[in-house]
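A.B. asks: My questions all concern the structure below.
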C-alpha cells in the first residue's frame with residue numbers, strides 16, 4: 001500500500017527509461033488498485049507487464065471493498081498476486097478462498113502469481129514440507145494445468161524482516177514444491193513451472209540468491225519502492241540469468 005497514482009506514474013516512467021536495455025527479463029509491476037488506471041498505456045511497447053496485488057473471485061455482487069478479475073482485466077492487468085502472506089496472515093484468507101481466486105484469475109484469461117510459504121514457528125517445528133504441501137494441494141485444487149500459473153515461495157519469516165533464507169533453505173523448499181508438482185502434474189511440468197522467491201530481496205543479495213540455481217525470479221517487496229534498488233536488481237537478474 002504505497003504510492004499515489006501520480007507517484008506511481010512518475011515512478012514507472014523513471015524505471016522504464018532506466019531499463020530500456022533489458023532484453024531477457026520479464027518485469028511485472030503490481031501497484032495498488034487506484035494506481036492501475038492508465039499504466040497499461042504507459043507500459044505499452046516496453047515489454048513490461050501490469051499486475052494487481054489481489055482480487056475477489058466473483059465477477060460482481062455485494063462485496064463492498066472488493067475488486068473482480070474482470071475489473072482488473074479492463075485495466076490491462078495480465079497478472080494477479082494471489083495468496084500473499086500478508087493476505088493469508090493479516091487478513092485471514094484461507095486456502096479455499098485462495099483457490100477460488102486462482103481459478104477466477106485463470107478463467108478471466110490472466111495469470112496468477114500464487115504465493116506459498118511457512119511462518120517462523122512452522123519452520124521451527126519442522127513443518128515446512130507439510131505447510132507447503134497443504135497450501136499447494138488446497139490452493140491448486142481443480143487446476144488442471146499450471147501452464148499459466150507462476151509460483152512464489154515466500155517464507156513469512158523473511159518478508160520485510162531483513163532476514164533472508166539461506167540458499168540451502170530455498171533449495172529445500174523448491175525441491176518440495178517441484179516434487180509435489182511432479183507427482184500431480186508430471187515431472188516435465190515440475191521442471192518447467194517458474195518459482196519466484198520473495199523475502200527481503202535487495203541489490204546486495206540478488207546475485208547470491210540467483211546462484212542457488214533454484215530461483216527463476218523474484219517477488220520484490222520493499223526494494224521495489226525505490227528506483228535505484230529496483231533497477232539494480234532487475235539489471236543483475238538480466239545479466240546473470
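The values are calculated or read from the model by the stated rules, or taken from the named source; none is laboratory data. Not measured: the values here are computed from a predicted model. As a convention, Cβ positions derive from the backbone with ideal geometry for all residues, glycine included, and neighbour counts pool all protein chains shown.
A.B. asks: If you check 177, 215, 181, which single one turns out to be outside any loop (DSSP other than H, G, I, E, B), closer than 23 Å to residue 133 by Cβ and under 16 Å from the mean Cα position of the chain (by Cα)? Show your work before the answer.
C.D. replies: Details: 215 fails: outside any loop (DSSP other than H, G, I, E, B); 181 fails: under 16 Å from the mean Cα position of the chain (by Cα).
Residue meeting the stated conditions: 177.
A.B. asks: Next question. So which of 182, 186 ends up being under 24 Å from residue 145 (Cα atoms) and surrounded by fewer than 14 Cβ atoms within 10 Å (Cβ to Cβ)?
C.D. replies: Residue meeting the stated conditions: 186.
A.B. asks: Applying the selection to the stretch 87-118, what residues are over 19 Å from residue 180 (Cβ atoms), free of Cβ contacts under 8 Å to residues at least 40 places away in the same chain and buried (at least 17 other Cβ atoms within 10 Å of the Cβ)?
C.D. replies: Once the filter is applied, which keeps residues that are over 19 Å from residue 180 (Cβ atoms), free of Cβ contacts under 8 Å to residues at least 40 places away in the same chain and buried (at least 17 other Cβ atoms within 10 Å of the Cβ), the stretch 87-118 yields 87, 93, 108, 111.
A.B. asks: May I pose another question? Would you check which residues across the stretch 189-204 are over 17 Å from the mean Cα position of the chain (by Cα) and either surrounded by 15 or more Cβ atoms within 10 Å (Cβ to Cβ) or assigned to a helix (DSSP H, G or I) (or both) and list them?
C.D. replies: Within the stretch 189-204, 189, 190, 191, 203 meet the criteria.
A.B. asks: Also, I was wondering about something else. Look through 61, 45 and report the one residue that is over 20 Å from residue 228 (Cβ atoms) and at pLDDT below 95. I'd like the intermediate steps shown before the answer.
C.D. replies: Values: 61 fails: at pLDDT below 95.
Matching residue, one of 61, 45: 45.
A.B. asks: Is it fair to say residue 105 is in a loop (DSSP other than H, G, I, E, B), within 18 Å of residue 52 (Cα to Cα) and in contact with a helix residue (DSSP H, G or I) (Cβ under 9 Å, 6 or more places away or on another chain)?
C.D. replies: No.
A.B. asks: For the stretch 3-18, does any single residue satisfy the condition of being surrounded by 12 or more Cβ atoms within 10 Å (Cβ to Cβ), in contact with a helix residue (DSSP H, G or I) (Cβ under 7 Å, 6 or more places away or on another chain), in a loop (DSSP other than H, G, I, E, B) and at positive phi?
C.D. replies: Yes, the stretch 3-18 contains a residue that is surrounded by 12 or more Cβ atoms within 10 Å (Cβ to Cβ), in contact with a helix residue (DSSP H, G or I) (Cβ under 7 Å, 6 or more places away or on another chain), in a loop (DSSP other than H, G, I, E, B) and at positive phi.
A.B. asks: Test residue 209 against the criterion of being modelled with pLDDT of 95 or more and in contact with a strand residue (DSSP E or B) (Cβ under 7 Å, 6 or more places away or on another chain), and give yes or no.
C.D. replies: Criteria not met by residue 209.
A.B. asks: If you don't mind, there's one more thing I want to ask. Only one of 136, 146 is out of contact with any strand residue (DSSP E or B) (no Cβ under 8 Å at 6 or more places or on another chain), more than 29 Å from residue 9 (Cα to Cα) and modelled with pLDDT of 95 or more. Can you tell me which?
C.D. replies: Selected residue: 146, the only one of 136, 146 that is out of contact with any strand residue (DSSP E or B) (no Cβ under 8 Å at 6 or more places or on another chain), more than 29 Å from residue 9 (Cα to Cα) and modelled with pLDDT of 95 or more.
A.B. asks: Going by the structure shown, is residue 240 under 26 Å from residue 130 (Cβ atoms) and at pLDDT below 95? Reasoning before the result, please.
C.D. replies: Details: under 26 Å from residue 130 (Cβ atoms): no; at pLDDT below 95: yes.
No; evaluated as a whole, the condition is false for this residue.
A.B. asks: Still on this structure: For residue 144, state whether it is outside any strand (DSSP E or B) and touching a residue at least 60 places away in the same chain (Cβ under 8 Å).
C.D. replies: On the way: outside any strand (DSSP E or B): yes; touching a residue at least 60 places away in the same chain (Cβ under 8 Å): no.
So residue 144 does not fit the description; no.
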